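Asks: Below is a structure I'd like to ask you about.
Laboratory data are not the source of any read-out in this text; all were calculated from the coordinates shown. Computed from a prediction, not measured in an experiment: that's the story for all the values here. Positions of Cβ are backbone-derived with ideal geometry, glycine not excepted, and every protein chain shown enters the neighbour counts.
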Amino acid sequence: MTTAAQAPTFPAEVVRWREEFDSFRAGLPREEPEWLRALRTTGMGAFEELGFPTTRQEDWRHTSVAPIARTSFRRAPTTASVADLAVLGSLDFGRAFARRQLVFVNGRYAPDLSSGTSADGVHLRSLREVLDREPQIVQPHLDRQASGPGRCFAALNSAFLDDGAFLSVPAGTVLTEPIHLVFLSAPGSQPTASHPRVLVWAGRKSQATIIESYGGPADAVYLTNAVSEITLEDGAVVDHYRLQRESARAFHVGTLCATQGRATRFASHAISLGASLSRLDIRQVFAGEGGECVLNGLFLGGDRQHMDTHTWVDHAQPHCSTRELYKGIVDDQARGVFVGRILVRPGAQKTDAIQTNKNLILSREALVDSLPQLEILADDVKCKHGSTTGQLDPLALFYLRSRGIGEDAARALLTYAFASDVVQRIGVEALRAGLTEHLQRRLPGPVDIKEAAV
Amino acid sequence: MLDIQNLHASVGGNEILRGVNLSVPAGEVHAIMGPNGSGKSTLAHVLAGRPGYEVTKGEVRYKGKDLLAMSPEERAREGVFLAFQYPVEISGVSNVYFLKAAANAIRKHRGQPELDAIDFLALVKEKAKVVAIDESLIKRPVNEGFSGGEKKRNEIFQMAVLDPALAILDETDSGLDIDALRIVAAGVNQLRSPERAMVLVTHYQRLLDYIVPDVVHVLLDGRIVRSGGKDLALELEKKGYEWLEAPAGSR
């Protein structure tokens, strides 16, 4: 056939995803609006063109996604077994982070497991349900931030766009309690993939706290390819928490986008604990003056875990400030990557940005690549960045031991101390306490961290 | 209490201690003086068991036990305390937790019951008076943001809480103004007791005006070249160290 000869030839893994896409699309509701179909088709087309990134590409220089590319993932079933659901209780460390909680199993909304939905003008709904009933309310916001040149995973997420969470907070509404979005993977026997999408719209002078948790049963093999897009209208305040606790054999790719209007405050706390291979891209843009952006991050890697975080902060407007603090702890043969880019565009005067990345190496074979990058194209700005990577301070260890504290306990205490400032900045008490306990279990020696905290 | 025989030690391959002999009985305060680089601080750290400070020859008995065979934490639990010249800052860990962990590790070793938070706080309040340390410092992260004087006071405060049998004070006077020095010295004097031995490592005689030693030793080029009463310190103050030539064959 002549058409076949003219068609571009894609690598086998891309062809596999195309087949998966065709079968997925065939099962979608027929009455979907044209723009939504186009969004998926564009996403699939972009993914076909891009393929999976290679380490020859600058943004992926330190992370090979070959294990993802070569695995044949199926779409996940929409049901979970009782055993899978047991995982649900452990994802929040056995503490309820929030009374309002939407649970997604394999990317699909699970109403029976969820509690507290829309009320008082606040939309807290499944994206699928909104797309079915009122697609026009999400159309102006969906995929306005995540897509972009070279973003193959975001493109793949758009291609498989189906369900997720939609939160919209009307102007002036202050949500005092956090909202918890739980993404549980329950793959069964075959590797599966889910592509959840989170869409948050915070109206003028509204406030919200959102926690996203990701996890699955121990040793399950699956891919979570999540995209979150957050829009902050003028004066809005959003605290965003992201807790990645995927199974030890899972793959996790996340994209978090935030666009900040005038005089907004956006705080992101990203905690990465799980997955064999994980990558998080945080892309933030100041679209109005006087915004404040706080990026806190902690990754804790052991065994052969590979954890990569890229952050982009775009000072496109003057009088905005960024405070970024990322810390990594790696043990065993784990590898961490931090690439943090702050761009100060021409005219973004009075920008005040501080970026700090600190990494702690606990073993001889663990490794972290840290690349802080400041690109400053305005002249009246205060910007600085710093990066340190090293082992526990031998003199501090000796100091503790010289007081009678055993070596293991001293190591644990210093490791905890290293992470403590990121942990202490977590404003959701249940999350902070749960994470503290988790750290305590993962640390090498006996130490009661709750008491140690300043 | 402490008996050092022909102690040789190297740091980074350089021999710093070249045959130290020293005996400190319980109840006495011994000052070790010497110029910069004579090995005073090395001796203090070797006694506390600092990793990387390698003992190449000699023996140290502490309460009749082989001190050098013990880990730093074992030494501390057995009652050895080193007040650091440069106390380490540990952000994220409160002073009080750090001390409680230390105190309970020592108590456990001695077969005493561990102190709970309430009992420990009572102990802390009592001992805080020794060096007039502000209680707010006790709740702050270990040494973080402390002034030089506050750090030194914190060392003596820790010593008061941990109640050692052998206290080694490394340049406790350095960086202190006269008021701070008085307070720290008064704290140390309160902790003198017939059961406790103290070793003061100092460059200057000034500290010994406030903490009067029983014996003064001069360490030069890794050996103790002279020992005497407290008058020896005054003589050193007047004449410097030059008149005490290192003994022949020391190099």
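Asks: Roughly how many nanometres apart are two label points built 7 Å out from the Cα toward the Cβ at A:Ile354 and A:Arg30?
Replies: Result: 6.1 nm between the two label points.
Asks: Here is a further query. Is the shape of the range A:11-288 best called rounded, prolate or oblate, per the rule: a/c under 1.5 gives rounded, else a/b larger than b/c gives prolate, else oblate, with a ≥ b ≥ c the square roots of the Cα gyration tensor eigenvalues? Please list the in-between numbers first.
Replies: Details: a/c = 1.40, a/b = 1.24, b/c = 1.13.
In terms of gyration-tensor shape, rounded.
Asks: Could you list the residues of the range A:392-418 with an amide nitrogen less than 16 Å from a label point located 7 Å from the Cα of A:Arg364 in the Cα-to-C-beta direction?
Replies: Taking a point 7 Å out along Cα→Cβ of A:Arg364, the residues of the range A:392-418 whose backbone N falls under 16 Å are A:392.
Asks: Quote the charge dipole size of the protein assembly as shown about the Cα centre in Debye, to the nearest 20; the model charges only the Cβ of Lys and Arg (+1) and of Asp and Glu (-1).
Replies: Values: 80 positive and 86 negative charges, 78 e Å.
Result for the protein assembly as shown is approximately 380 debye, rounded to the nearest 20.
Asks: Using modelled backbone amide H atoms (1.01 Å from N, in-plane), which distant-in-sequence or interchain residues come within less than 5 Å of A:Phe338's amide H?
Replies: A:Thr309, A:Asp369, A:Ser370, A:Leu371
Asks: Order of B:Asp173, B:Asp209 from fewest to most other C-beta atoms within 10 Å? Don't skip to the end; give the middle numbers.
Replies: Values: B:Asp173 23, B:Asp209 15.
Going from least to most buried by this count: B:Asp209, B:Asp173.
Asks: In units of 2.2 N^0.38 Å, what is the alpha-carbon radius of gyration of the range B:137-251? Don't skip to the end; give the middle numbers.
Replies: Numbers: Rg = 15.9 Å, N = 115, 2.2 N^0.38 = 13.4 Å.
Expressed relative to 2.2 N^0.38 Å, the Cα Rg reads 1.19.
Asks: Amide H neighbours of A:Gly297 under 5 Å, at least 5 residues apart or on other chains, H built in the peptide plane: list them.
Replies: When sequence neighbours closer than 5 places are left aside, the close amide H contacts are A:Ala270, A:Leu325, A:Tyr326, A:Lys327.
Asks: For the range B:72-141, with only Lys/Arg (+1) and Asp/Glu (-1) charged at the beta-carbon, what is the dipole magnitude about the Cα centre, in debye rounded to 20? Each step should come with its number before you reach the end.
Replies: Numbers: 11 positive and 10 negative charges, 16 e Å.
In debye, rounded to 20, the range B:72-141 gives about 80.
Asks: What does the highest-first list of A:116-129, A:288-301 look like by mean Cβ count within 10 Å? Kindly include the intermediate steps, with their values, before the conclusion.
Replies: On the way: A:116-129: 16.3, A:288-301: 22.5.
Order by mean packing, descending: A:288-301, A:116-129.
Asks: Tabulate in residue order the Karplus-calculated ³J(HN,Hα) for the range A:105-115, using 6.51 cos²θ - 1.76 cosθ + 1.60 with θ = phi - 60°, rounded to whole Hz; enter x for Gly and Pro.
Replies: 10, 6, x, 9, 4, 10, x, 5, 9, 9, 9
Asks: Using a 10 Å cut-off around each Cβ of peptide A:417-423, what is the average number of partner chain Cβ atoms that fall inside? Provide the component values of the computation, followed by the final result.
Replies: Numbers: counts 8, 3, 1, 4, 2, 1, 1.
Neighbouring Cβ atoms belonging to other protein chains average 3 per residue here.
Asks: Cross-link list A:Lys350/A:Lys382; B:Lys100/B:Lys139; A:Lys327/A:Lys350; A:Lys358/A:Lys384; B:Lys63/B:Lys230: which exceed 18 angstrom alpha carbon to alpha carbon? Before the final figure, lay out the partial values.
Replies: Values: A:Lys350/A:Lys382 7 Å; B:Lys100/B:Lys139 12 Å; A:Lys327/A:Lys350 27 Å; A:Lys358/A:Lys384 14 Å; B:Lys63/B:Lys230 25 Å.
Violating the 18 Å Cα-Cα cut-off are A:Lys327/A:Lys350; B:Lys63/B:Lys230.
Asks: Hey, which aspartates and glutamates would be in cross-link range of B:Lys129, C-alpha to C-alpha under 19 Å, not counting anything within fewer than 8 residues on its own chain?
Replies: Leaving aside aspartates and glutamates fewer than 8 places away in the same chain, those within reach of B:Lys129 are B:Asp119, B:Glu150, B:Glu155, B:Asp163, B:Asp179.
Asks: Please work out the Kirkwood hydrodynamic radius for the protein assembly as shown, using every pair of different C-alpha atoms, and report it in angstroms with one decimal place. Each step should come with its number before you reach the end.
Replies: Values: mean 1/r = 0.0348 Å⁻¹.
Averaging 1/r across every pair of different Cα atoms and inverting gives 28.7 Å.
Asks: Still on this model: What is the ratio of the Cα radius of gyration of the range B:2-239 to 2.2 N^0.38 Å, where N is its residue count, to two decimals?
Replies: Working: Rg = 17.3 Å, N = 238, 2.2 N^0.38 = 17.6 Å.
Dividing the Cα Rg of the range B:2-239 by 2.2 N^0.38 Å gives 0.98.
Asks: Using +1 on the beta carbon of Lys and Arg, -1 on that of Asp and Glu, and nothing else charged, what's the dipole of the range B:68-113 about the Cα centre, debye to 20? Walk me through the numbers before you get to the answer.
Replies: Numbers: 6 positive and 4 negative charges, 49 e Å.
It works out to roughly 240 debye.
Asks: Neighbouring Cβ atoms within 10 Å as the yardstick, rank A:Trp312, A:Trp201, A:Trp17, A:Trp35 fewest first.
Replies: On the way: A:Trp312 17, A:Trp201 22, A:Trp17 25, A:Trp35 12.
Result, fewest neighbours first: A:Trp35, A:Trp312, A:Trp201, A:Trp17.
Asks: Next question, about the same structure. If each of A:Ser115 and A:Glu19 carries a label point 7 Å out from its Cα toward its Cβ, how far apart are those two points in nm?
Replies: 4.4 nm
Asks: Using Cβ counts within 10 Å as a stand-in for footprinting exposure, how do B:Leu162, B:Leu121 rank, fewest first? Mind dumping the intermediate values first?
Replies: Details: B:Leu162 22, B:Leu121 15.
Least crowded to most crowded, the residues run B:Leu121, B:Leu162.
Asks: Order these peptides, B:81-90, A:25-34, A:136-145, B:179-188, by their mean beta-carbon neighbour count within 10 angstrom, highest first. Write out the running numbers ahead of the final one.
Replies: Details: B:81-90: 21.5, A:25-34: 9.7, A:136-145: 16.9, B:179-188: 19.3.
Top of the packing list down: B:81-90, B:179-188, A:136-145, A:25-34.
Asks: Still on this structure: Averaged over its residues, how many other protein chain Cβ atoms are within 10 Å of peptide B:80-93's Cβ atoms? Before the final figure, lay out each step's value.
Replies: On the way: counts 2, 3, 4, 1, 4, 0, 2, 1, 9, 3, 9, 5, 16, 13.
Taking all residues of B:80-93 together, the mean is 5.
Asks: Still on this model: Using alpha carbons only, how many degrees (0 to 90, rounded to 10) separate the axis of helix B:95-109 from the longest principal axis of chain B?
Replies: 80 degrees
Asks: Evaluate the range A:210-349: find the radius of gyration of its Cα atoms, find its Kirkwood radius, and give the ratio Rg to Rh.
Replies: Values: Rg = 15.7 Å, Rh = 15.4 Å.
So for the range A:210-349, dividing Rg by the Kirkwood Rh gives 1.02.
Asks: Then there's this: For chain B, modelled as a GNM with alpha-carbon contacts under 10 angstrom, which of B:Glu78, B:Glu237, B:Glu171 fluctuates the most?
Replies: Maximum among the listed residues: B:Glu237.
Asks: Now for a different question. Determine the calculated [θ] at 222 nm for chain A from helices alone, applying -39500 (n - 2.57) to every DSSP H run no shorter than 4 residues and normalising by the residue count; nearest 500 deg cm²/dmol. Don't skip to the end; give the middle numbers.
Replies: Details: 12 runs with 115 residues, N = 454.
Computed mean residue ellipticity for chain A: -7500 deg cm²/dmol.
Asks: Residues of A:405-414, mean number of Cβ from any other protein chain within 10 Å of their own Cβ, rounded to a whole number? Can you show the working numbers first?
Replies: On the way: counts 10, 7, 4, 0, 4, 3, 0, 0, 7, 4.
That works out to 4 on average.
Asks: Could you tell me the distance between the Cα centroids of the range A:145-194 and the range A:368-445, to the nearest Å?
Replies: About 29 Å separates the Cα centre of the range A:145-194 from the one of the range A:368-445.
Asks: Sorted by mean Cβ packing within 10 Å, highest first, what order do the peptides B:39-49, A:418-428, B:61-71, A:376-386 take? List each step's numbers first, then the result.
Replies: Values: B:39-49: 24.5, A:418-428: 19.3, B:61-71: 14.8, A:376-386: 13.0.
Output ranking for B:39-49, A:418-428, B:61-71, A:376-386: B:39-49, A:418-428, B:61-71, A:376-386.
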